[in-house]
1. Does residue 125 meet the test of being modelled with pLDDT of 95 or more, over 17 Å from the mean Cα position of the chain (by Cα), away from ligand 2 (no atom under 16 Å from the Cβ) and crowded, with 19+ Cβ neighbours inside 10 Å?
2. Would you pick out the residues in region 20-77 that are touching a helix residue (DSSP H, G or I) at 6+ places or on another chain (Cβ under 8 Å), away from ligand 1 (no atom under 16 Å from the Cβ) and farther than 20 Å from residue 216 by Cβ?
3. Mind listing whichever residues of region 1-24 are of a type in the set (Ser, Thr, Tyr) and surrounded by fewer than 17 Cβ atoms within 10 Å (Cβ to Cβ)?
4. Do we have any residue at all in region 50-72 that's closer than 17 Å to residue 202 by Cβ and in contact with an Asp or Glu (Cβ under 7 Å, 6 or more places away or on another chain)?
5. Looking only at residues that are out of contact with any Ser or Thr (no Cβ under 9 Å at 6 or more places or on another chain) and basic (Lys, Arg) in region 1-34, which one is farthest from residue 74 (Cα to Cα)?
6. Residue 174 passes all but one of (1) free of Cβ contacts under 8 Å to residues at least 12 places away in the same chain; (2) buried (at least 24 other Cβ atoms within 10 Å of the Cβ); (3) not aliphatic (A, V, I, L, M); which number fails?
7. For region 53-70, enumerate the residues that are part of a helix (DSSP H, G or I) and closer than 16 Å to residue 165 by Cβ.
8. So which of 16, 28 is farther than 29 Å from residue 194 by Cα and charged (D, E, K, R)?
Amino acid sequence: MSAAISLKGVSKGFLDGERYREVFVDFDLAVAPGEIVAVCGPSGSGKSTLLNLVAGLLVVDGGLLNLRHGGVDYPLHTLDEAARGAVRRRLVGYVFQFFNLIPTLNVLENVRFPLALNDRDDLLPQARERLATLGLADRLDAFPDQLSGGERQRVAIARALAHEPPIVLADEPTGNLDAGNSEQVADMLWSEVERLGCVLLVATHSEAIAERAHRVVELGR
Ligand SMILES: Nc1ncnc2c1ncn2[C@@H]1O[C@H](COP(=O)(O)OP(=O)(O)O)[C@@H](O)[C@H]1O
Ligand SMILES: [Mg+2]
């Protein structure tokens, strides 16, 4: 089966003052549909950069980065920002490390946001059901600043999955949670990802999270 995510010979770096610092050199990665991959490595090794490349928020400096869904290829390295944004809205759900919920929207409105962007309000019943599964049924009217860290992360998961994207990216999703909440959030993320059969690329420092993945990609420095 062809890969859902494919990077070939990818290079990516950043200008650090006058100096260009390489983060990826001739980097290859292929992720199969439905695969759960943990991206590990020390701080600064490029975990977030990799997720942001796959999301089309960043562009490769060289090489190929292809997403594939429904028999269609989306070669992100050839697309401009607007086209990458369109691909991201439809194909990608992103769970950010610091939740990135919209502070002026309540829980339900945050989760509806990707549905509105994708014109997929037909998925609202499933999104509501997922919020209930995530233990948030009685928090739908709450605003992000009224929620605990664990609750915010569960809302972020519900939002990332609302449009049922084939690719879910999670950047240290338990990095700001205590052990109990981490395990609960991971349980919920895993069970939803497995139920939907989507790819999960999860950047993490947690051994416990890495052990749950089908495969670990270790980034060096
Ligand atoms: N927007 C940026 N501008 C300049 N340097 C960046 C930028 N994003 C990341 N970097 C650098 O790229 C390297 C990898 O960063 P990052 O992907 O955030 O690592 P990780 O998520 O593994 O901690 C670091 O050296 C970081 O300073
Ligand atoms: Mg990071």
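The values are calculated or read from the model by the stated rules, or taken from the named source; none is laboratory data. Since the model is a prediction, treat every value here as computed from it, not as a measurement. We place every Cβ from the backbone using ideal geometry, glycine too, and count neighbours over all the protein chains shown. The area values use the complete protein model at the heavy-atom level, side chains included, leaving out ligands, DNA and RNA. Shrake-Rupley method; radii C 1.70, N 1.55, O 1.52, S 1.80 Å.
1. On the way: modelled with pLDDT of 95 or more: yes; over 17 Å from the mean Cα position of the chain (by Cα): yes; away from ligand 2 (no atom under 16 Å from the Cβ): yes; crowded, with 19+ Cβ neighbours inside 10 Å: no.
No: the conditions fail for residue 125.
2. Passing the criteria: 63, 64, 66, 67, 69, 74, 76.
3. Within region 1-24, 2, 11, 20 qualify.
4. Within region 50-72 (the criterion being closer than 17 Å to residue 202 by Cβ and in contact with an Asp or Glu (Cβ under 7 Å, 6 or more places away or on another chain)), the answer is yes, since at least one residue qualifies.
5. Our first condition is that a residue be out of contact with any Ser or Thr (no Cβ under 9 Å at 6 or more places or on another chain); within region 1-34, this holds for 1-11, 13, 15-21, 34.
Narrowing further to those that are basic (Lys, Arg): 8, 19, 21.
Values: 8: 14, 19: 32, 21: 28 Å.
Going through the qualifying residues, I end up with 19.
6. Only one criterion is unmet by residue 174, namely (1).
7. 54
8. Values: 28 fails: farther than 29 Å from residue 194 by Cα.
After ruling out the rest, the residue left standing is 16.
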